[in-house]
Structure formats: structure tokens, C-alpha cells
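These notes are about the structure you will find just below.
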């Protein structure tokens with residue numbers, strides 16, 4: 001058994017794999033909750049890979065190393081893709097993991113992986129299995145927070161996953177229309193632009209707001225809530241087999 005851990009801005013996601021097969025996935029509010037769970041007692045993982053978008057995780061890694069062999073996924077970690085990103089050292093590990101996850105499911109294809117979370121992250125891998133880059137924009141919740149923070153009177157709203165009216169008839173609906181339908185139009189526009197350049201493009205979507213976009217997008221997409229975890233597992237397998 002092996003364990004993959006994705007530490008995001010708001011939650012910690014983890015999964016236990018047996019080679020390529022996902023056995024069980026978990027969501028925790030903190031690293032402390034992970035250690036309080038019965039995960040290690042139940043599955044006894046031998047190897048672990050950690051991906052984190054937050055900085056101070058050394059205490060967590062120290063505690064984790066008492067339980068399993070640990071790889072911290074960084075820009076220096078070998079991956080089963082050629083990384084052509086110009087500033088590879090600043091590339092978020094979650095972005096690369098998402099790209100590897102999509103590529104592991106459909107290798108030798110042009111793929112666009114959209115991670116709809118705190119930010120909406122676009123990651124493109126071409127049919128030569130080369131990671132080229134993509135884009136980053138504010139996620140749904142961040143758009144609401146920005147409207148409230150940088151204006152004097154606009155209220156702070158939570159995303160409404162059922163909202164669909166184009167014309168907002170009051171301030172609340174106008175914010176919902178602008179933030180949510182604006183984000184949807186952005187995603188559709190990006191997919192359309194990629195399709196013009198790469199007609200055989202395969203599109204994956206993942207992340208906390210995946211369902212909002214999945215049920216509204218007109219393009220054919222593959223939704224996978226565990227794509228980053230699968231990518232991390234592919235990277236762990238690659239490093240184990242390559243004996244890095």
C-alpha cells in the first residue's frame with residue numbers, strides 16, 4: 001500500500017493506492033486530523049508522497065516520516081512528463097500533479113486539465129507528453145471575496161451552485177451572475193481557444209467546484225474528483241520504478 005497526500009489551501013486530501021488502483025480516499029480539515037484517523041493503522045502504507053501549496057509543513061513531514069518513507073513533491077522531483085514550463089521552479093506542484101493525472105489516463109493526447117478550486121488552474125500537455133503550461137485565474141469563492149473586499153457596498157456572498165439566471169434582477173443576483181456565469185464563460189472560452197489550436201483536445205476537470213462547471217459546460221469533458229491524487233500516485237510509482 002502507498003499513501004498520497006495533497007495539502008491545499010483549505011483542506012487536506014489523501015488516498016491509499018495499491019499500485020495504480022485507488023483503494024480509499026479521505027478529506028481532512030488539518031494535518032492533525034490525518035494523524036488522529038485510523039488510516040495508518042488500517043492500511044499501513046509503506047511509501048508516501050506529499051504535495052503542498054502551503055509553506056510550513058516541516059513539522060508535518062517529520063511526524064509523517066515516523067510512519068512511512070516520504071517523498072516531498074517539488075519542482076526537482078522526476079515526473080513522467082517532459083516539463084517545458086519556462087519557470088519550472090515556480091510551478092505549483094498541484095498543477096503538475098493534475099497534468100500527470102490527466103496524462104496517465106490518456107497518454108499521447110493533447111489534454112487540458114482544469115482544476116477548479118481556490119483558483120481555476122489550466123494545465124496543458126501536448127500529444128508528445130510535454131507539459132507546456134496554461135493559466136491561473138480566481139476561483140468562484142475568490143471572485144465573491146474580491147467584489148466585497150475592493151468595493152464599499154457590495155455584500156459578501158457565498159457561491160450558489162443552483163443559480164442560472166443571466167440577468168440579475170437585484171444586487172445579489174447581479175453578483176451571482178457576474179461571478180458565476182462569468183467564470184463559466186471564461187472556462188468555456190479557454191476550452192474553445194484550445195480546441196481551435198488542438199482539435200483533438202481531451203478536457204479533464206477536477207477540484208472542489210468541479211460539479212458546478214461539469215453540469216453547465218457544453219463541451220465534452222471528463223470529470224474526475226481524484227485526478228490530482230491519481231497524478232501523485234503516478235509520480236510516486238514513477239520514482240519507485242526509476243529508483244530515484
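The values are calculated or read from the model by the stated rules, or taken from the named source; none is laboratory data. All values derive from a computational prediction rather than experimental measurement. All Cβ positions, glycine included, derive from the backbone under ideal geometry; neighbour counts span all protein chains shown.
A few remarks follow.
- Counted residues, the stretch 99-111 - those being surrounded by fewer than 24 Cβ atoms within 10 Å (Cβ to Cβ) and either in a strand (DSSP E or B) or free of Cβ contacts under 8 Å to residues at least 60 places away in the same chain (or both): 2
- Failed item, numbered, when residue 92 is tested on (1) under 15 Å from the mean Cα position of the chain (by Cα); (2) outside the structural domain of residue 206 (by TED's automatic domain parsing); (3) crowded, with 18+ Cβ neighbours inside 10 Å: (3)
- Count of the stretch 27-56 residues which are out of contact with any strand residue (DSSP E or B) (no Cβ under 7 Å at 6 or more places or on another chain) and outside any loop (DSSP other than H, G, I, E, B): 7
- Remark: residue 168 falls outside the filter, which requires a residue to be closer than 30 Å to residue 100 by Cβ and surrounded by fewer than 18 Cβ atoms within 10 Å (Cβ to Cβ).
- Considering only residues in the stretch 15-54 that are free of Cβ contacts under 8 Å to residues at least 40 places away in the same chain and touching a helix residue (DSSP H, G or I) at 6+ places or on another chain (Cβ under 6 Å), the one that is nearest to residue 72 (Cα to Cα) turns out to be 31.
- Qualifying residue in the stretch 70-86 (condition: loosely packed, with under 15 Cβ neighbours inside 10 Å, without any contact (Cβ under 8 Å) to a residue 40 or more places away in the chain, more than 17 Å from residue 225 (Cβ to Cβ) and out of contact with any helix residue (DSSP H, G or I) (no Cβ under 9 Å at 6 or more places or on another chain)): no
- All told, residue 190 falls short of being under 16 Å from the mean Cα position of the chain (by Cα) and within 20 Å of residue 84 (Cβ to Cβ).
- Of the residues examined, residue 124 is not one that is buried (at least 17 other Cβ atoms within 10 Å of the Cβ), in a helix (DSSP H, G or I) and modelled with pLDDT of 95 or more.
- Hey, residue 175 touching a residue at least 12 places away in the same chain (Cβ under 8 Å) and within 21 Å of residue 134 (Cβ to Cβ) or not: no
- Criterion applied to 60, 144 was being more than 18 Å from the chain's Cα centre (by Cα), under 29 Å from residue 217 (Cβ atoms) and crowded, with 18+ Cβ neighbours inside 10 Å, and the one residue passing it is 144.
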